Amino acid sequence: MKKILFFFLISISTLAQIERVEPPFWYAGMNLSSVQIMFYGKNIAQYEVAVSNTIQIENIKKTENPNYIFVTIDTKNSPASELTFSFKSKNKIAFTKKYELKKRRENSKFRKSYDASDMIYLIMPDRFANGNPDNDNEKSVTEKADRTNPNGRHGGDIEGIIKNLDYIKDLGATAIWPTPLCEDNDDKGSYHTYGQSDVYKIDPRFGTNEDYVRLSSELHKRDMKNIMDYVTNHWGWKHWMINDLPTHDWLNQFPEFTQTNHRRESLNDMYASKIDAEICSDGWFVKSMPDLNQRNPLVLNYLIQNAIWWIEYADLDGFRVDTYPYNDKDGISKWTKAITDEYPNFNIVGEAWLNSQAKISYWQKDSKIGALQSFNSYLPSVMDFTLYDALSTVFNQDKQEWDKGMINIYLNFTNDFLYANPNNILTFAENHDTNRFNDIYKNDFRKYQMALTLLATVRGIPQLYYGSEIGMGGNKDKGGDGDIRRDFPGGWDGETNNAFTKAGRTEEQQKFFDFTSKLFNWRKDKEVIHTGKMTHYIPENNVYVYFRYNESETVMIVINNSAETQTFKTNRFAENIQKYQSGNDVLSGKTVDLKSDITLEPKSVLVLELQ
């Protein structure tokens, strides 16, 4: 009876003393074998810590906050096992805590990531599909579902994504990028989930951690990939740590609230004042998004381990990193390198929203421009915001001028020499922060065809924003962010327009879908598009011609952005056409004679597989 009572008291004491352990478990056989475990509980720092004899404690860090202990252990050569941490007071064990080293998946280190062979489908989960209405109003979080509020939660979830994976695959996508899924307990506007309150927990309104693991599993069954949207720069003000920080410098803090100046150029400007660069990287986005200080080794280790934990736990295939340049430059490069050291094939694309190729390319791994300042971000991929800028205007420019029309698309690619790896760049016509492409161009199907054809056939990794493929619109200048993040029709019970099914689509939606599906399903197996070389020709009369080719295949792409029918001779392109006689148009199935002049209707495209 005394023994039972003793263990009962230990159990009660553990519950009272340890409120959180992060990471909640780790994995044996990791390259990152030194693991910093955070124990959190009332006055926990008063105890001395020991661990099972098979594991060595490398370091114990106590901070000015007595509610934290950071214990670093060496797991090198340790098998999967259960460890026991002992917390002692006056040489007596006050309580113990079990900690598991789990077995990794086979070949986990060398997992294949996304690349130029993929098409990524970007989803805002809250607005995509409500697969489980029972989780819409969870008690543990504040904001409840209200579909009448364009900036409120609408109920979309992980189950909704899983139920529609076949739709996404039929569209021609090979990977999905959902915006963040970890808990965001803000009082309002929490649906976008960029202000996270617990980075080890999926938001209960989206589902559970186990649901997220199941999402990866269901994707992998379909030979598709799961890309996590990861936020390193900030958390939400409702994050559980904010009211009880481990250290004062866990966050970047000024004497009074200081918002970032958003001048990302100041981070590599050789003339920039220190205060301008500091406010850019250390200033907060908004008052509700506390800015994390990656210069603090405890913070940096926390973020590195959290990212690796999610990759291993949820069997992830890649990251997209939010607001990449706003982080501490050296800190974020260490974060990125730690992940790619652990997973050599793992792709990470960073959001560096800048308006020139030189500024964007600075942030890509092994950048020649970054090297001028002895800087390497180790970031494999960046987002092609200059191509996005061109796509947002060029199709309304019916006539070619010196600085208008397809010349702007051509000029974008002439600057590819600035990139260390132009083939590993994310290309897009819109995303969750921009006005909808189909709103800009008033649902002009021909203009949609031109833009999507370009994304599907140039270098890089194309990304499609959910709903674009059925003509969805939205203008945040008029309707706010909620307007560019509308609910996908058919994602909620009782909707008559179910665009997830052919029978439920309107004629207009079907036209957009059929074109998108045909184009990207064709692209799936086209190595010549994924890795082939490119030659392009200066546009004439607003007609842009380029070729993708390798040793076995050549594809000729023609985009007529003119408002008039255009006819041109093919002898100008002899160096690429070579001995080919004809081309089969992927989109129409028609054969085009390459020995004769080619005529294109206004605002039209050809994708010719040369024969």
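The values are calculated or read from the model by the stated rules, or taken from the named source; none is laboratory data. Please read all numbers here as calculations on a predicted model, not as lab measurements. Every residue, glycine as well, gets a Cβ built from its backbone with ideal geometry; the counts of neighbours run over all protein chains shown. Just so you know, the surface numbers come from the protein's heavy atoms only, side chains and all, with ligands and any DNA or RNA stripped out. Shrake-Rupley method; radii C 1.70, N 1.55, O 1.52, S 1.80 Å.
Does THR75 satisfy the condition of being surrounded by 14 or more Cβ atoms within 10 Å (Cβ to Cβ) and of a type outside the set (Phe, Trp, Tyr)? For THR75, the condition - surrounded by 14 or more Cβ atoms within 10 Å (Cβ to Cβ) and of a type outside the set (Phe, Trp, Tyr) - is met. Being free of Cβ contacts under 8 Å to residues at least 24 places away in the same chain, closer than 30 Å to GLU342 by Cα and open to solvent by 50 Å² or more (accessible area, probe 1.4 Å) is a property that holds for LYS98. Each residue in segment 218-265 was checked for being β-branched (Val, Ile, Thr), surrounded by 15 or more Cβ atoms within 10 Å (Cβ to Cβ) and outside any loop (DSSP other than H, G, I, E, B), and 1 of them qualify.
Regarding ASP126, is this residue assigned to a helix (DSSP H, G or I), closer than 24 Å to ASP493 by Cβ and open to solvent by 10 Å² or more (accessible area, probe 1.4 Å)? No, not satisfied.
Go through the residues of segment 91-99 one by one and say whether even a single one is among the small types (Gly, Ala, Ser) and within 30 Å of GLY189 (Cα to Cα).
No; the residues of segment 91-99 include none that is among the small types (Gly, Ala, Ser) and within 30 Å of GLY189 (Cα to Cα).
Within segment 502-518, can one find any residue that is part of a loop (DSSP other than H, G, I, E, B), open to solvent by less than 40 Å² (accessible area, probe 1.4 Å) and touching a Lys or Arg at 6+ places or on another chain (Cβ under 6 Å)? The answer is no; no qualifying residue exists.
Does segment 467-484 contain any residue that is open to solvent by 40 Å² or more (accessible area, probe 1.4 Å), touching a residue at least 12 places away in the same chain (Cβ under 8 Å), over 22 Å from ASN130 (Cβ atoms) and not in a loop (DSSP other than H, G, I, E, B)?
In the first step, residues of segment 467-484 are kept if they are open to solvent by 40 Å² or more (accessible area, probe 1.4 Å); the result is 476-478, 481.
Applying the additional criterion that residues be touching a residue at least 12 places away in the same chain (Cβ under 8 Å) yields 476-477, 481.
Within this subset, residues satisfying the condition of being over 22 Å from ASN130 (Cβ atoms) are 476-477.
Checking the rest, the ones that are also not in a loop (DSSP other than H, G, I, E, B) come to 476-477.
Scanning segment 467-484 turns up at least one residue that is open to solvent by 40 Å² or more (accessible area, probe 1.4 Å), touching a residue at least 12 places away in the same chain (Cβ under 8 Å), over 22 Å from ASN130 (Cβ atoms) and not in a loop (DSSP other than H, G, I, E, B).
Out of segment 439-465, which residues are open to solvent by less than 10 Å² (accessible area, probe 1.4 Å) and more than 23 Å from TRP522 (Cα to Cα)? The answer is TYR441, and nothing else.
Quick check: is even one residue across segment 555-569 under 30 Å from ILE168 (Cβ atoms) and open to solvent by 10 Å² or more (accessible area, probe 1.4 Å)? So far as segment 555-569 goes, no, none of its residues is under 30 Å from ILE168 (Cβ atoms) and open to solvent by 10 Å² or more (accessible area, probe 1.4 Å). Tally the residues that are aliphatic (A, V, I, L, M), free of Cβ contacts under 8 Å to residues at least 60 places away in the same chain and either on the phi > 0 side of the Ramachandran plot or open to solvent by less than 30 Å² (accessible area, probe 1.4 Å) (or both), restricting the search to segment 266-278. So the count comes out to 1. The residues listed here are LEU387, LEU379; of these, the one that is assigned to a helix (DSSP H, G or I) and surrounded by 23 or more Cβ atoms within 10 Å (Cβ to Cβ) is LEU387. Each residue in segment 294-322 was checked for being under 12 Å from HIS234 (Cα atoms), in contact with an Asp or Glu (Cβ under 7 Å, 6 or more places away or on another chain) and crowded, with 21+ Cβ neighbours inside 10 Å, and 2 pass. Per the listing TRP492, TRP522, the residue uniquely hydrophobic (A, V, I, L, M, F, W, C), assigned to a loop (DSSP other than H, G, I, E, B), surrounded by fewer than 21 Cβ atoms within 10 Å (Cβ to Cβ) and touching a residue at least 40 places away in the same chain (Cβ under 8 Å) is TRP492.
Answer yes if at least one residue in segment 75-94 is touching a residue at least 60 places away in the same chain (Cβ under 8 Å), in a loop (DSSP other than H, G, I, E, B), out of contact with any Gly (no Cβ under 9 Å at 6 or more places or on another chain) and of a type outside the set (D, E, K, R), and no otherwise. No: segment 75-94 contains no residue that is touching a residue at least 60 places away in the same chain (Cβ under 8 Å), in a loop (DSSP other than H, G, I, E, B), out of contact with any Gly (no Cβ under 9 Å at 6 or more places or on another chain) and of a type outside the set (D, E, K, R). In a residue-by-residue description of segment 588-600, the property of being under 18 Å from MET534 (Cα atoms) and buried (at least 17 other Cβ atoms within 10 Å of the Cβ) applies to no position. Close Cβ contacts (under 9 Å, 6 or more residues apart or on different chains) running from residues in segment 429-451 that are closer than 19 Å to TRP353 by Cβ and modelled with pLDDT of 95 or more to residues that are of a type in the set (Lys, Arg) and open to solvent by 10 Å² or more (accessible area, probe 1.4 Å) comprise HIS432/ARG485; ASP433/LYS476; THR434/LYS476; ASN435/LYS476; ARG436/LYS476; ARG436/ARG486; PHE437/LYS447; ILE440/LYS447. Of all residues in segment 409-428, count the ones that are touching a Leu at 6+ places or on another chain (Cβ under 9 Å) and open to solvent by 10 Å² or more (accessible area, probe 1.4 Å). Final tally of qualifying residues: 1.
Any idea which residue in segment 1-50 is modelled with the highest pLDDT, counting only those that are over 30 Å from GLU312 (Cβ atoms) and touching a Lys or Arg at 6+ places or on another chain (Cβ under 9 Å)?
Quick first cut of segment 1-50, residues over 30 Å from GLU312 (Cβ atoms) only: 1-10, 12-13, 16, 42-43, 46, 48.
So of that shortlist, the ones also touching a Lys or Arg at 6+ places or on another chain (Cβ under 9 Å) come out as 16, 48.
Values: ALA16: 50, GLU48: 96.
My answer is GLU48.
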